[in-house]
Amino acid sequence: MTFLELVQRYRQEIGGARGSSGPVTVVGQVGELKRAVDNIADAWVKIQNLHPNWKFQRQTTTWTSTAGQATYTLAECGIAAGTFGHWLREPLRYYVTASGLNTEQRIFPTSYDCWRETWNFSANRSVTSYPHQWAETPTKGIAFGPAPVAGLTFSAEYYRGPVRLTASSDVPLLPEPHDHMLIVWYAMKNYARFETAPEVYAQAVENLTPMLTQLRNDQLPRPSLAGALA
């Protein structure tokens, strides 16, 4: 369902209390229609924020090295503005672009302070080689140690941050087979709290609870037992 279709369905479900028709667009609305648009947009943001590690928010990005450049901004890492949440704290990968994936190697994470004291210090600042450590910078970019040579292709995984629906044709990044009505019920729950409408709240919770449970079971990492103590 598109953003517009979600808003229309939301209006249909809340029914006579605020009218059930329209809108024909999510742009430029005022009054109750604007409130309906905002409620759906807010509900989708809140669902994305329920857990920082939803599987459907996990993304991969790739970019190429510049000789001697140790730090890379999010944009230089190929990530669009306003879409980043956090990096996975795991080894990054690189391969020699001209030689292909058979040359792929891992780069292991370290803290930014450790990177700064090791690789951004004294003569190590000018070392250029194949990196074997990476750190997240204070601005959420990537710092490599040592600074890479040219001709490397990096690959990293991250979780998207919450992305707000804005255009009528926007479609929430909710994976199949999960129903987009989850967003409508979530929005209705918030509406019912504001309006003190217990019957609407009960309907929303009744429909939302199993759908949200299914989403969590499917889209969150499964817990596992730790290994034996040494």
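The values are calculated or read from the model by the stated rules, or taken from the named source; none is laboratory data. None of the values given here were measured: they were computed from a predicted structure. Ideal geometry is used to build each Cβ from the backbone, glycine not excepted, and the neighbour counts take in all protein chains shown. The protein model used for the area step is the full one, side chains on, heavy atoms only, and it has no ligands, DNA or RNA in it. Shrake-Rupley method; radii C 1.70, N 1.55, O 1.52, S 1.80 Å.
In Å², what does the accessible area per residue of region 86-164 work out to with a 1.4 Å probe?
Values: 4270 Å² over 79 residues.
Normalised by residue count, the accessible surface of region 86-164 is 54 Å².
Can you show me the helix-derived [θ] at 222 nm for the chain, built from DSSP H runs with n ≥ 4 at -39,500 (n - 2.57) apiece and divided by the number of residues, rounded to the nearest 500.
Numbers: 5 runs with 75 residues, N = 230.
That comes out to -10500 deg cm²/dmol.
Binned at 10 Å from 0, what are the whole-percent values of the Cα-Cα distance distribution for region 105-160, short to long?
Here the calculated profile for region 105-160 is 23, 56, 19, 1.
Put a dot 7 Å past each Cα toward the Cβ at residue 71 and residue 118; how far apart are the dots in nm?
A separation of 1.8 nm, rounded to one decimal place.
Which residues does the label zone of residue 167 cover in region 32-65, counting backbone N under 18 Å from a point 7 Å along Cα→Cβ?
Those under the cut-off are 41.
How big is the convex hull of the Cα atoms of region 34-129, per residue, in Å³? Please list the in-between numbers first.
Values: hull volume 14.6 nm³, N = 96.
Output value, Cα hull per residue: 153 Å³.
Using square roots of five times the C-alpha gyration tensor eigenvalues, list the equivalent-ellipsoid semi-axes of region 124-215 in whole Å, biggest first. List each step's numbers first, then the result.
Working: eigenvalues 443, 41, 31 Å².
Values for region 124-215, descending: 47, 14, 12 Å.
To one decimal place, what orientation-averaged projected area in nm² is obtained for the convex hull of the Cα set of the chain? Can you show the working numbers first?
On the way: hull surface 70.8 nm².
Averaged projected area of the chain's Cα convex hull equals 17.7 nm².
Taking the Cβ-Cβ separation of residue 104 and residue 199 as r and a Förster radius of 45 Å, what is the calculated FRET efficiency to the nearest 0.05? All intermediate terms of the calculation are to be shown ahead of the outcome.
Numbers: r = 58 Å, r/R0 = 1.28.
Between residue 104 and residue 199 the formula returns 0.20.
Gain in length, residue 25 to residue 176, computed as 0.36 nm per residue apart minus the alpha-carbon separation, to one decimal in nm? It would help to have the intermediate numbers written out before the result.
Working: separation 151, 0.36 × 151 = 54.36 nm, distance 2.53 nm.
Residue separation times 0.36 nm, minus the Cα-Cα distance, leaves 51.8 nm.
Ignoring any ligand, DNA or RNA, what whole percent of the accessible area of the chain comes from carbon and sulfur when the probe is 1.4 angstrom? Numbers along the way, then the final one.
On the way: 6510 of 12470 Å².
Heavy-atom surface of the chain belonging to carbon and sulfur, 1.4 Å probe: 52 percent.
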